[in-house]
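**Q** Here it is, the structure in full.
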Amino acid sequence: MMKEIIASLFLLVITINSGGSAITDKEYARLPPVFELDNFDRCMLLEDEALYCTMEFHLYPLNPKNTSKTWNQIQELKGDAKNYYHDRLRHGICVPFVCPNISTKHDDPQFKTQLANCYSKKYEQYGVYGTIGYMHCETNEPRVYDFLDIIVAIFVVFYIILIVYASFYEGLARYKSPQEYERLTSSTYGKFVSCFSIPRNWYRLKYVSDSPNVQTMKGIQGVRFYNMFLVILVHSCMMASIASVSNVKWCHKLLDSISSVFLASGPYGVETFFLISSLLLSHYIFTHFNEKSGRELNLKTLFRIFLYRYIRITSPLAVVLILHSTLLYHVGRGPWWEATLGRDREFCRENGWLNLLYVNNFVNPSRMCFIETWYTAVDMQAFILVLAILYFSVRKPERLWWIVPSVWLVVQGIHLKTIYERNISNPMSPTGENLFLLRALFEVDGLWVKVTASTFPNLVGSLVGLVAGFIFYKYENERIFTKKIHTVLWWIILGCGLSIVLFPGMWIFSKNFYPTYWFSLPYFAFNTTIYGISIAVFLFGVTKGVGWMAKWCVEWGPTYILGRISYSTFVVHYAYVVVKTSLKRGLEYIDQFSILGDALEVVVCSTILGLIMVLTVEQPTSALQSAFMEKRISTVTSKVINEQNASNKIDNSDEKEKNL
């Protein structure tokens with residue numbers, strides 16, 4: 001955790017250039033620009049003549065036997081994987097201004113050929129010509145809302161009306177007597193409506209139980225929030241390069257800096273989410289279904305636990321997926337709008353149902369709807385696996401010590417088999433080509449599909465969390481760090497474990513790195529396990545009172561609530577970043593500080609959107625489950641009512657509080 005924070009700080013203050021190209025800056029400046037965009041909005045003012053085409057223009061030598069100096073320099077740059085491909089120009093042009101003599105319409109099969117011939121004249125001086133690969137053209141005609149768009153829009157309007165009505169219904173009831181409030185909200189109608197009340201859901205969200213167990217474990221929510229921040233920061237860095245940048249050479253140098261280690265450490269951040277989810281589940285099961293409790297963890301209970309979790313995490317996910325595939329597509333337009341949001345809309349309508357079944361990471365993953373939801377798919381699959389292991393070990397915890405290692409060996413064996421067969425030496429590099437329009441994430445048989453988003457390598461964190469949850473339960477009421485040497489050892493173990501993020505990454509992205517199985521196989525076999533153990537050790541130490549400033553940071557009051565909304569924040573942040581990126585009109589200058597500014601903006605805006613999602617979707621879903629599936633009113637509700645009665649100066653005497 002601390003190493004990730006240190007790495008992110010390095011991103012802001014240091015760039016270590018380990019070498020340069022043989023091409024000078026002056027020569028580089030004379031090459032055809034990788035990115036170039038005409039004024040999109042000016043082009044749209046041409047009314048019926050408006051035609052703006054975004055394309056990928058592939059360059060070739062005019063004379064293959066006697067290539068020009070420019071072509072030779074382009075090939076030299078292409079020889080370094082850290083560089084953009086300079087023979088692929090990503091340009092957006094206003095056709096009436098650039099090629100006014102084209103007579104065919106943009107939907108004519110001959111249009112692409114005529115446009116390529118016209119645009120090639122621009123680069124004849126460089127000894128090259130071009131053909132068009134990807135192309136999308138925009139006119140100023142308004143987009144048409146289809147049937148699904150209209151249905152979703154109607155539903156959104158009615159849902160907003162329900163939220164407003166419920167908030168007033170339950171809010172006004174607070175000004176009545178406690179008995180009248182109870183009567184209005186305890187009927188079937190009242191319970192249903194109250195579930196959608198924003199004031200009630202706000203107090204449910206901010207309520208923190210004063211039980212010793214919750215107070216001890218509250219630092220976990222803080223870790224969840226900080227981890228969510230780091231994951232969003234990594235995604236913001238990636239998305240900064242998704243479209244057109246003006247300082248392309250800075251992106252070339254990105255892998256020569258320590259920041260590349262941070263950019264490639266995103267999977268570790270997600271691993272923390274898996275670990276925390278599994279840890280909390282394991283701790284809950286061992287606490288409530290041990291031999292002393294008298295409760296039995298039978299198949300019916302397992303199904304109920306699974307159903308509750310499925311409904312809770314699917315509701316916000318489904319809302320974002322539906323909006324992403326319908327209404328969000330109509331909120332704007334731009335040069336790269338169709339290549340990002342248009343693609344997402346197509347994929348979501350085609351494969352969105354796979355996300356709701358949580359199999360989207362291995363069924364047609366190269367056309368995945370909402371690519372960040374590979375995490376939710378793996379998390380649900382790991383949840384089912386952990387539940388199954390707990391079912392067989394809750395009564396006999398000693399079984400954990402052979403079940404978990406056995407499962408670990410199986411998943412690691414499958415993972416290493418993939419690494420060996422595909423000759424993978426390092427994780428996906430954050431190169432410009434990999435990040436541009438997230439190209440590497442949509443390769444049919446690419447590294448991201450087969451490794452990063454695959455189920456098996458990501459189960460390790462959940463297995464570590466499963467064991468950690470049992471250890472937390474086992475030593476919950478015991479003092480562990482009784483001597484100073486224990487605390488010192490805790491810091492040493494934590495530092496050594498987290499170094500798996502920094503030091504191997506420095507080797508992977510160094511200039512002298514060479515692929516070898518002597519490094520890659522042990523690295524992939526143990527990196528997530530070592531990292532997971534270090535996070536578990538950190539959490540265990542915090543619950544036992546050690547950690548100094550780290551403990552204060554993760555247990556700081558606001559982080560508890562922020563941690564509780566981290567899931568919805570994570571779900572909505574990708575949609576926000578994609579819309580923000582797709583609205584860009586011109587070339588973007590990026591550096592460490594602009595990336596940090598964008599990341600902070602994304603975190604703040606995503607947190608606000610996540611809070612809205614929690615209050616309007618996640619909390620109502622949870623309240624409906626409590627009110628109707630459990631057939632009881634949560635004890636939290638009673639506390640909320642009492643607090644509100646006091647704030648509204650309702651007579652809250654001991655007798656009336658007892659009635660509540």
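**Q** If you take the residues in segment 282-340 that are of a type in the set (Lys, Arg) and out of contact with any helix residue (DSSP H, G or I) (no Cβ under 7 Å at 6 or more places or on another chain), which one is least open to solvent (accessible area, probe 1.4 Å)?
**A** Selected residue: 333.
**Q** What's the number of the condition residue 618 fails, among (1) at pLDDT below 80; (2) open to solvent by less than 30 Å² (accessible area, probe 1.4 Å); (3) not basic (Lys, Arg)?
**A** Status for residue 618: all satisfied but (1).
**Q** Please determine whether any residue of segment 237-244 is open to solvent by 10 Å² or more (accessible area, probe 1.4 Å), of a type outside the set (Asp, Glu), in contact with a helix residue (DSSP H, G or I) (Cβ under 7 Å, 6 or more places away or on another chain) and farther than 30 Å from residue 83 by Cβ.
**A** No; the residues of segment 237-244 include none that is open to solvent by 10 Å² or more (accessible area, probe 1.4 Å), of a type outside the set (Asp, Glu), in contact with a helix residue (DSSP H, G or I) (Cβ under 7 Å, 6 or more places away or on another chain) and farther than 30 Å from residue 83 by Cβ.
**Q** Looking only at segment 146-185, how many residues end up being free of Cβ contacts under 8 Å to residues at least 24 places away in the same chain, hydroxyl-bearing (Ser, Thr, Tyr) and not in a helix (DSSP H, G or I)?
**A** Of the residues in that region, 0 qualify.
**Q** Out of segment 61-95, which residues are open to solvent by less than 70 Å² (accessible area, probe 1.4 Å) and in a helix (DSSP H, G or I)?
**A** Across segment 61-95, the qualifying residues are 70, 71, 73, 74, 77, 95.
**Q** Also, quick follow-up: Taking the condition among the acidic types (Asp, Glu), out of contact with any strand residue (DSSP E or B) (no Cβ under 9 Å at 6 or more places or on another chain) and within 30 Å of residue 628 (Cα to Cα), does residue 141 pass?
**A** no
**Q** Now for a separate question. Suppose the filter is free of Cβ contacts under 8 Å to residues at least 24 places away in the same chain, out of contact with any Ser or Thr (no Cβ under 8 Å at 6 or more places or on another chain) and open to solvent by less than 40 Å² (accessible area, probe 1.4 Å); does residue 448 pass it?
**A** When the stated conditions are applied, residue 448 passes them.
**Q** Hey, any hits in segment 408-420 for a residue that's charged (D, E, K, R), under 15 Å from residue 454 (Cα atoms) and either touching a helix residue (DSSP H, G or I) at 6+ places or on another chain (Cβ under 9 Å) or surrounded by 13 or more Cβ atoms within 10 Å (Cβ to Cβ) (or both)?
**A** no
**Q** Please count how many residues of segment 588-613 are among the hydrophobic types (A, V, I, L, M, F, W, C) and touching a Pro at 6+ places or on another chain (Cβ under 9 Å).
**A** Total satisfying the criteria: 1.
**Q** Same structure again: Do you know which of the residues in segment 131-149 that are open to solvent by 80 Å² or more (accessible area, probe 1.4 Å) and not aliphatic (A, V, I, L, M) is farthest from residue 350 (Cα to Cα)?
**A** Taking the candidates together, the pick is 141.
**Q** Please verify whether segment 585-592 includes one or more residues that are at pLDDT 90 or above, on the phi < 0 side of the Ramachandran plot, open to solvent by less than 40 Å² (accessible area, probe 1.4 Å) and of a type outside the set (D, E, K, R).
**A** No, there is no match, as no residue in segment 585-592 is at pLDDT 90 or above, on the phi < 0 side of the Ramachandran plot, open to solvent by less than 40 Å² (accessible area, probe 1.4 Å) and of a type outside the set (D, E, K, R).
**Q** Among residues belonging to segment 194-224 that are open to solvent by 30 Å² or more (accessible area, probe 1.4 Å) and not in a helix (DSSP H, G or I), point out the one that is nearest to residue 552 (Cα to Cα).
**A** Result: 218.
**Q** While we're here: Can you go through 599, 627, 575 and tell me which one is over 30 Å from residue 481 (Cα atoms), modelled with pLDDT of 85 or more and either open to solvent by less than 10 Å² (accessible area, probe 1.4 Å) or of a type outside the set (Lys, Arg) (or both)?
**A** The conditions single out 575.
**Q** May I pose another question? Being closer than 30 Å to residue 322 by Cα and surrounded by 15 or more Cβ atoms within 10 Å (Cβ to Cβ) is true for just one of 98, 152, 128, 157. Which residue is that?
**A** On inspection, the qualifying residue turns out to be 152.
**Q** Give all pairs with beta carbons closer than 6 Å in which a residue from segment 495-508 that is under 12 Å from residue 532 (Cα atoms) and assigned to a helix (DSSP H, G or I) meets a residue that is modelled with pLDDT of 65 or more and not polar (S, T, N, Q); count only pairs at least 6 apart in sequence or on separate chains.
**A** Pairs that qualify, where the first residue is under 12 Å from residue 532 (Cα atoms) and assigned to a helix (DSSP H, G or I) and the partner is modelled with pLDDT of 65 or more and not polar (S, T, N, Q), are 497/530; 497/533; 500/530; 500/531; 501/268.
The values are calculated or read from the model by the stated rules, or taken from the named source; none is laboratory data. Nothing here was measured: the structure is a model prediction, and the numbers come from that model. Here the Cβ is made from the backbone with ideal geometry for all residues, glycine too, and neighbour counts use every protein chain on show. Please note that ligands, DNA and RNA were not included when accessible areas were found on the heavy atoms of the full protein model with its side chains. Shrake-Rupley method; radii C 1.70, N 1.55, O 1.52, S 1.80 Å.
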